[in-house]
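A quick write-up on the structure given underneath.
Please treat every number below as a calculation from the coordinates, not as lab data. Remember, it's a predicted structure, so these values are computed and weren't measured experimentally. Methodologically, a virtual Cβ is constructed for each residue, glycine included, from the backbone with ideal geometry; neighbour enumeration extends over all protein chains shown.
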Amino acid sequence: MTQPVRVRFAPSPTGKLHIGGARTAIYNWAFARANHGTFILRIDDTDPTRSTEENTQVILRAMRWLGLDWDEGPEVGGDFGPYAQTERLALYREAAERLLAEGKAYPCFCTPEQLAEDRAAAQARKDPFQGYQRRCRNIPADEARARMEAGEPYTIRIKVPEDRGDVVIDDAVHGEVTIAAKELDDFVIFRSDGTPTYNFATVVDDAAMGITHVIRGDDHLSNTPRQVMVYEALGAPVPVFAHISMILGADGKKLSKRHGATSVEEYRDAGYLSDAFVNYLALLGWSLDGETTIIPRDVLAREFSLERISKNPATFDPKKLDWVNAEYINRMDNATFTQEILLPQLVEAGLLDPEPAVSIDEEWTDRLAEIVRPRTKMPADAAQVAAPIFATAETLAYDEKAVAKGLAKEGMGAVLDRAREALGSLTEDAWTAEAIDAALEPLPEALDLKKRVVFQAVRVAICGNLVSPPLGETMALIGRADCLARIDRARTMAL
Ligand code: GLU
């Protein structure tokens, strides 16, 4: 029987949640879900100068927006808490004391000057080993204890066993990674100010929390051999590591502010759908089958596997994200689109009263959604596309360029006259998309004009622009009286 999967996402609250961190979170979440495991959120706030409570809140909010529910962590608790490192300081201290007592760690009294001198000397003699020169490794225990008690400043270093040999990490993404024994030095696990280092605190926590798989960015690959040393000293099983590749911008450089928005919040505020955003980020370095691009959350949560993570860096492509987002919108059913996008956007744009006195007809909204949805790439587009339909003959804004191109031209007056006549002959009851299209159909031939020219003139007259949804359906939604009034108003602009 295999052990139940326990994974964690451990952001440092030194800033907002960024694209790279969000992807790491998504992979951990999906891996936990696909294996019926436990997804833990831990706040790695041991860097007191840069960690803030506000950043923690921003990260939690981003996680919630992403829909990455955690089973243990802040706000939900769990059996392995607390889930913020600053609340676990006693545990690190205890673990370090234990290693000291067992002779697996030792206090180091070297001053920064001494260390710098030793480093320079090692460089000068081209010593293949450039790490800590192990000056304090053999200080007798009682002498060391006496110096500590006398108040001499010290750090605590791990004692890498003499005969440890090379460290081989069997990374789930990178395969075997070997770190030569000579590159391992007795690194610091506790600073002289009494705070644990990242490599120590993380392993104490991962061991105590029973983490089985560590999925994180490959910028941490270089920390892993040291962390393996800590697991071994603690006598804890080493988890499976999966180091995921960097995310690059289009220019091949590590994704950063220079490439545009990098925080999850910015994408939320720009109107991206959480599902689409998660789908797109999941594809940055992982694939379902090498070709499927639309992978709904539930499929991701069922099918995610470490085997399909790519070793190669992924390139963040905002255009592809936009495409995925538009796909999600277009795949919504009309009712969902109406509730989640159309109505809120109309209210936001001031086109709809948040609490309309008369409720809008459901059948009418459904028809509206049907023509607006395929033209909505970002939520705000919905209001823009629907704006002419919500205007009236008096309030409709005419786009200058559209008027110049489609209306203010010789012969367009005649087009509007004929259109007015044909449409006017339809009764209120007969005012349907089909009847409107049929009434306008014969005009180009009768006027000896190109179809495009005729319909463009009518479109500008009715919608004030050149890009509205299908004309017949749009006019049906606007209603007969207002359409005729719009043509009358536009007639004064036509030649
Ligand atoms: N707090 C670390 C970071 O944000 C976590 C690294 C890890 O997953 O071990 O990079």
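A few remarks follow.
- Helix 379-390 axis, angle to the chain major axis (alpha carbon atoms, nearest 10°): 10 degrees
- For the range 235-363, the Kirkwood hydrodynamic radius comes to 17.5 Å, computed from all pairs of different C-alpha atoms.
- Low-density loop cleavage sites - GluC sites (Glu not before Pro) in the range 60-129, where at most 16 other Cβ are within 10 Å (DSSP): Glu75, Glu102
- Where the alpha-carbon atoms of the range 1-106 are placed on the principal axes, they occupy 45, 44, 23 Å, in descending order.
- Dipole moment magnitude, nearest 20 debye, the range 28-93 about Cα centre, only Lys, Arg, Asp, Glu C-beta charged: 140 debye
- Shown for the range 136-238 is the translational diffusion coefficient from the Stokes-Einstein equation, using the Kirkwood radius over Cα pairs, a temperature of 37 °C and a viscosity of 0.692 mPa s: 217 µm²/s.
- Between the residues Val460, Ala250, Gly37, the greatest Cα displacement towards the positive end of the dipole of the chain, with unit charges on the Cβ of Lys, Arg, Asp and Glu, is found for Ala250.
- Charge dipole of the chain (Cα centre as origin; +1 on each Lys and Arg Cβ, -1 on each Asp and Glu Cβ, all else neutral): 1520 debye, rounded to the nearest 20.
- Shape class of the chain from the alpha-carbon gyration tensor: prolate, with a/c at 1.5 or above and a/b greater than b/c.
- Sum of -39500 (n - 2.57) over DSSP H runs of 4+, divided by residues of the chain (222 nm, nearest 500): -13000 deg cm²/dmol
- Rg of the Cα atoms in the range 329-440, relative to 2.2 N^0.38 Å, amounts to 1.25.
- Oblate is the label for the range 270-327, because a/c, from the alpha-carbon gyration tensor with a ≥ b ≥ c as root eigenvalues, is 1.5 or above and a/b does not exceed b/c.
- Loop-located chymotrypsin sites (Phe, Trp or Tyr not before Pro) in the range 123-190 (DSSP state not H, G, I, E or B) with no more than 14 neighbouring Cβ atoms inside 10 Å: Phe129.
- Antiparallel DSSP beta bridges within the chain, as percent of all bridges there, nearest 5: 55 percent
- Helix 224-234 axis versus longest C-alpha principal axis of the chain: approximately 50°, rounded to the nearest ten.
- Counting neighbouring Cβ atoms within 10 Å and putting the fewest first, the residues Thr195, Thr392 line up as Thr392, Thr195.
- Seen against the Cα atoms of the chain and their longest principal axis, helix 53-66 is set at about 50 degrees.
- Distance between the modelled labels on Ile360 and Ala101, one decimal in nanometres: 7.0 nm (7 Å Cα→Cβ projection).
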